Structure formats: structure tokens, C-alpha cells
Amino acid sequence: MTKRILYLALIPLLLLTFTLSSCSKDDDDDYGKNYSALFSKTDYFIDMLDKVYERYDAFGSKAADTSDGKYTVTPMGRLIIVKKKTYNTDVTYEDVKSALENHYKNTYKVKDVFLNNGGTVTIDCRK
């Protein structure tokens with residue numbers, strides 16, 4: 001009888017554990033698969049903002065391509081411009097903006113992520 005009660009108690013506990021562990025997916029994972037190279041490059045420039053005193057001279061507005069070759073990232077002072085290199089219709093600038101907003105939603109250095117009229121995305125890190 002006690003084994004039966006033990007099994008009846010374990011089954012709901014195991015089901016609950018399985019359900020909770022399968023739902024613990026991070027929101028960034030969806031974007032991380034497609035934008036990991038972009039996040040790596042923009043993270044680098046954002047981290048460098050506080051380390052470099054003369055940002056404009058240090059970066060020299062040098063554009064850097066992501067490792068996957070899909071984007072060009074250009075720092076301009078405390079603004080970081082992201083431009084698509086390929087004209088893939090599957091990914092729009094709105095998708096890139098949403099991914100960057102999600103990635104930097106809890107980062108105090110990033111004040112805003114917005115679309116430019118020219119069709120690029122800007123990460124605003126001004127104080």
C-alpha cells in the first residue's frame with residue numbers, strides 16, 4: 001500500500017518537473033540562432049564605449065563586418081549603425097530591430113534601438 005501511494009505521489013511530481021523544465025526557454029535563444037554574429041559584433045562595440053576615452057578617434061568610424069558576412073556594423077560616437085549586406089527578403093530591418101531590442105532590453109548602456117529613414121538600424125548608447 002505504501003509503495004502505491006509513493007508511486008502516485010511521484011507521478012505528478014515528475015510530470016510537473018518535466019513540464020517546468022521544458023518551458024524554461026530563454027527569449028534570446030530564438031534570436032540568438034540567427035543573429036549571434038551580429039550580437040557578438042555589437043556587444044564588442046558597446047563594451048568598448050566605456051573603455052575608450054576618444055571613441056571617435058579609436059573607432060575612426062571603421063565599419064566592421066560580422067563573422068557571417070550578413071551585416072556591417074559602424075560605430076559613430078555613441079551610436080552604432082547596423083546595415084544588412086545581403087538583400088535577403090526573409091529578414092527585414094524590422095526583424096533586426098526587434099532582435100536587437102530583445103537582446104539589449106536589460107542593458108543599461110543601450111538607451112534605444114530604432115529604424116533610420118535610410119533603412120538601417122541604430123543602437124543609441126548616448127548618456
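A few comments on the model shown:
- Debye intensity ratio I(q)/I(0), log10, the range 69-112, q values 0.19 Å⁻¹ (C-alpha model): -0.67
- Asp124 sits among other residues whose Cβ lies under 11 Å from its own Cβ, and their net charge, with Lys and Arg +1 and Asp and Glu -1, is +4.
Each reported figure results from applying straightforward, stated rules to the coordinates on display, with no laboratory input. Everything numeric here is computed off the predicted structure, so don't read it as measured data. In this analysis, Cβ positions are derived from the backbone assuming ideal geometry, glycine residues included, and neighbour counts consider all displayed protein chains.
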